[in-house]
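Novice: Please see the structure below; I have some questions.
The values are calculated or read from the model by the stated rules, or taken from the named source; none is laboratory data. Note that this is a predicted model, so its numbers are computed, not measured. Methodologically, a virtual Cβ is constructed for each residue, glycine included, from the backbone with ideal geometry; neighbour enumeration extends over all protein chains shown. When the accessible area is computed, the model is the full protein with side chains, heavy atoms only, and any ligands, DNA or RNA have been set aside. Shrake-Rupley method; radii C 1.70, N 1.55, O 1.52, S 1.80 Å.
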Amino acid sequence: MPLDLSVNKRRFSLQIPEETPLLWVLREELELTGTKFGCGKGLCGACTVHLNGVAIRSCITPVAAVQNSEVTTVEGLSPAEGPELHAVQEAWLTLDVAQCGYCQTGQIMSATALLVQNPEPDDAAIAAAMNGNICRCGTYPRIRAAIHLASQQIKNGKESSQKKENP
């Protein structure tokens with residue numbers, strides 16, 4: 001029996017086992033490789049995606065659990081069709097947040113979910129929301145600064161402006 005999914009506002013019908021982790025469906029079946037495999041236990045945050053706007057760990061979420069829901073990956077994060085970046089992605093580039101970059105898509109997805117829930121978070125709210133997204137390079141101060149910058153950009157009505165190069 002096929003599983004019907006909505007990912008990045010596109011519908012898919014896939015013949016896959018219901019217990020398959022969403023991460024592997026995204027990466028292997030849909031070829032959306034921005035979502036990364038980190039620990040496989042939901043602890044590091046590299047695999048973070050949105051499920052109906054809420055940040056979840058795709059490595060521990062069975063694909064059957066996301067039917068009749070909207071999944072958003074970093075590839076679908078931009079606010080509109082076209083080459084623009086989301087304000088969080090733009091802030092990441094502006095402040096040169098990434099070092100190795102491996103965890104950054106998960107960090108970006110957690111940050112965007114935070115800003116939907118709390119458009120003007122203070123440092124404590126950022127720390128709480130980002131807890132569980134591990135950065136081995138230790139870019140936490142730049143991550144926090146980028147979230148503040150994105151918050152200001154969104155507040156000023158500037159969702160995006162730069163062109164996409166990489167999600």
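Novice: If you add up the charges near GLY45, with Lys and Arg at +1 and Asp and Glu at -1, over every other residue whose beta carbon is less than 13 angstrom from its beta carbon, what do you get?
Specialist: +4
Novice: Under unit Cβ charges (Lys, Arg +1; Asp, Glu -1), what dipole magnitude, rounded to 20 debye, does the chain have relative to its Cα centre?
Specialist: 280 debye
Novice: Can I ask one more? With a cut-off of 8 Å between alpha carbons and a minimum separation of six or more residues, what is the relative contact order of segment 1-134 in percent?
Specialist: 26 percent
Novice: With contacts defined as alpha carbon pairs under 8 Å and 6 or more residues apart, what's the relative contact order of segment 75-154 in percent?
Specialist: 41 percent
Novice: Still on this structure: State which stretch of the chain is the longest one without any exposed GluC sites (Glu not before Pro), exposure meaning a DSSP loop state and at most 11 other Cβ atoms within 10 Å.
Specialist: 82-164
Novice: Considering only protein heavy atoms and a probe of 1.4 Å, how much of the accessible area of the chain is carbon and sulfur, as a whole percent?
Specialist: Here carbon and sulfur together make up 51 percent of the probe-accessible area.
Novice: Of the listed values (i) 26, 17, 14; (ii) 31, 17, 14; (iii) 32, 26, 15, grab the one calculated as semi-axes √(5λ) of the Cα gyration tensor in Å from the structure here.
Specialist: (i)
Novice: At 15 Å minimum axial length over the Cα atoms and a Kyte-Doolittle cut of 0.5, report the qualifying DSSP H helices in the chain, or say none.
Specialist: Those that pass (Cα extent of 15 Å or more, hydropathy at least 0.5) are 104-117.
Novice: Here is a follow-up. Counting heavy atoms of the protein chains only and a 1.4 Å probe, report the per residue accessible area for segment 1-128 as a whole number of Å².
Specialist: So segment 1-128 comes to 48 Å² accessible per residue, rounded to a whole number.
Novice: Express in Å², to the nearest 10, the accessible area of ASP4 obtained by rolling a 1.4 Å probe over the protein heavy atoms while all chains stay in place.
Specialist: Around 70 Å² of this residue is reachable by solvent.
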